[in-house]
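Written out below as structure tokens is the structure these notes cover.
Read-outs throughout are calculated quantities, based only on the coordinates presented, and are distinct from any laboratory measurement. If you're wondering where the values come from, they're calculated on a predicted model, not measured in any experiment. Quick reminder, even Gly has a Cβ in these numbers, built from the backbone with ideal geometry, and neighbours come from all protein chains shown.
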Amino acid sequence: MFEFCTRRRLIIFIFALSFIILSIVLISQKFSISAIGFSSSRINDSKLVANSCSSTEQFDILTQCQKCTNFEKRYDPSCKLTGFKETLLCSTSQKQASRSCQIPFKIQKERFWIFEGCMFAITLISLLCVHLRQKTLDKQMVEKIKRQIGENSL
């Protein structure tokens, strides 16, 4: 098995795999750009509304989608669904209401790259450990062969 995986083949495989992953990421990003252009107020209002006037009246968005605090996550029903909320001002009743909104794309993208960076670091550490272990095993094998040759020559 290891004879088949020469260093050259392993490097070619890693580059090919990296190319495929980057292609998939770029293609998926290209197709997801059209979905990003929609405001969070247009995305599935029935799930994101938390008992507010926004379902029956016109409204203006006072604050854009922002992360809820730990206290709000526990006690504010609009924060329980996604952990993010936006504040609305209803036109007719002049009430302020909040509703749940989807996690902003910028944060999703940031989390994705943090995850990819962690996976890359783990890969490098694993590669280093395997390389060091292989060196240790090679040294042990050479010493064992030297001992066997030394015992046979006597």
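Rounded to the nearest Hz, the phi-derived 3J(HN,Hα) couplings of segment 114-127 under the Karplus curve 6.51 cos²θ - 1.76 cosθ + 1.60 (θ = phi - 60°) are 5, 4, 4, x, 5, 5, 5, 5, 5, 4, 5, 5, 5, 4, where x marks glycine and proline. Taking amide H positions as modeled 1.01 Å from N, with prolines and chain starts lacking one, the residues under 5 Å from C68 and 5 or more places away or on another chain are F84, K85. Kirkwood hydrodynamic radius computed over segment 104-146 comes to 12.9 Å, based on all pairs of distinct alpha carbons. Amide H to amide H, with H built 1.01 Å from N, L88 comes under 5 Å of L62, A97, S98, R99, counting only residues 5 or more places away or on other chains. Using the Cβ-Cβ distance between Y75 and Q96 with R0 = 25 Å, the FRET efficiency computed as 1/(1 + (r/R0)^6) comes to roughly 0.90.
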